Amino acid sequence: MLNEVNILIVDDDENITDLLSAGLEENERYHCFAVATGERALEKLSENNIDLMLLDLRLPGISGMDILSEVSLTCPKTPVIVITGVEDIQTAVEAMKLGATDYIIKPFDITKVENSIGSALRNGTKDGSQSQLRRVHSDTPEETSPEISYLDSIARGVEMRLESLIGMTIDQTVVDRTVATARSMGITESQISQWLDSRKC
């Protein structure tokens, strides 16, 4: 029998927490806790065996980014999926750098959230394995370099902005905008070239 998964939902919009709780608890494995502030989120983390967090960035009191930073330090094996109305590439990149396993823009499709949770639990559970997106913190030679992972995070942010596009042009658009963003952030041309080579693999 599969173990129950405790999911902490952190959002000050009760409609959002109700929607997520109702949708996710249709899966009998999932048990949801909902809190409206970052302070309560930290309390819940200390009180309960939380397996995964769904986190809004705009919260009263402690911000979502501060919560994400705290979780990455105190509960590094707890996957955090950001679900927010903040549609900004650099914010998405920063969230990924802090350890978020995904960045989902509101309004969201509950199926997409479920898929993201499934992926996070497979790749970043408390069993000790880490999410692929957390490679940005790694400096081991066996894994992708931090620069490549950083650019992957930028690309992920770009892709989120382009989800409404269809057809063959989206891949090149993602590459072009990622490179432009990387240059504006001071990433070297050699690192950009390395990332471009990795996209061809």
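FYI, it's all coordinate maths here, none of it is from the lab. Quick caveat: nothing in here was measured; it's all calculated off a predicted structure.
Mean silhouette area of region 1-130, derived from the convex hull of its C-alpha atoms and averaged over all directions, reads 7.2 nm². Taken as Cα centroids, region 1-45 and region 84-106 sit 19 Å apart, rounded to the nearest whole angstrom.
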